[in-house]
Amino acid sequence: MMTTTRTARQYVACKATTVPTEIKVLMNHIYELHKGVRHMVLFTCNKRYSELAIQRLESQGFPYLVQPAGQHNLNVYFGRRECLEAIRLIVNRPLNQLTPEEDFILGTMLGYDLCAQCERYCKRKSECEGKCDECINGNSTTESKMAV
């Protein structure tokens, strides 16, 4: 059996062509947008990849919105223009400061599981502590009841 040993130069050249995982995730999101799997994406990445991410989005013709996410990261929203216009109005502060309603709208727009979003909303509103079957069955403290 023959083994090959790479020189330092070959190793560096190989490493230089390696695509970072975050950029692979971005490329998958772009693929899903092209295929119509989703209409909007929230992509969080390290700031060091922002220029590469923005170049890729611009080359693909996708509108985008960039917001800081802590000291080292960025949130990059991209996809359909009408979705981004709504995001511009809703997400005007850090995500952890969104109201339960804004958080629900954002999650739904991003295509997250609707039932999970409903459960999250109820939990955040502190009405049923995440036990949404109690809300649905009319066992919550609110007066509105829902037939199942």
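Suppose we filter segment 70-99 for residues that are within 22 Å of Tyr121 (Cβ to Cβ), open to solvent by less than 30 Å² (accessible area, probe 1.4 Å), of a type in the set (A, V, I, L, M, F, W, C) and in contact (Cβ under 8 Å) with a residue 24 or more places away in the chain; how many remain?
3
Does Thr17 satisfy the criteria of being at pLDDT below 95, within 29 Å of Gln97 (Cβ to Cβ) and open to solvent by 80 Å² or more (accessible area, probe 1.4 Å)?
Answer is no for this residue.
In this structure, is Thr3 of a type in the set (S, T, N, Q), at pLDDT below 95 and open to solvent by 100 Å² or more (accessible area, probe 1.4 Å)?
Yes; evaluated as a whole, the condition is true for this residue.
Going by the conditions given, is Arg80 more than 18 Å from Glu32 (Cα to Cα) and either modelled with pLDDT of 95 or more or of a type in the set (Lys, Arg) (or both)?
No, not satisfied.
Could you tell me which residue of segment 92-126 is farthest from Arg81 (Cα to Cα), considering only residues that are modelled with pLDDT under 95 and of a type in the set (Gly, Ala, Ser)?
So, considering only residues that are modelled with pLDDT under 95 and of a type in the set (Gly, Ala, Ser), the one farthest from Arg81 (Cα to Cα) is Ser126.
Looking at segment 32-62 only, could you name the residues that are part of a helix (DSSP H, G or I), open to solvent by less than 50 Å² (accessible area, probe 1.4 Å) and touching a residue at least 12 places away in the same chain (Cβ under 8 Å)?
Leu33, Tyr49, Ser50, Ala53, Ile54, Leu57
The values are calculated or read from the model by the stated rules, or taken from the named source; none is laboratory data. Only a predicted model underlies this, so the values are computations on that prediction, with no experimental measurement involved. Don't worry about glycine lacking a Cβ; one is built from the backbone with ideal geometry, like all the others, and counts go over all protein chains shown. Just the protein is used for accessible areas: all its heavy atoms, side chains included, with ligands, DNA and RNA removed. Shrake-Rupley method; radii C 1.70, N 1.55, O 1.52, S 1.80 Å.
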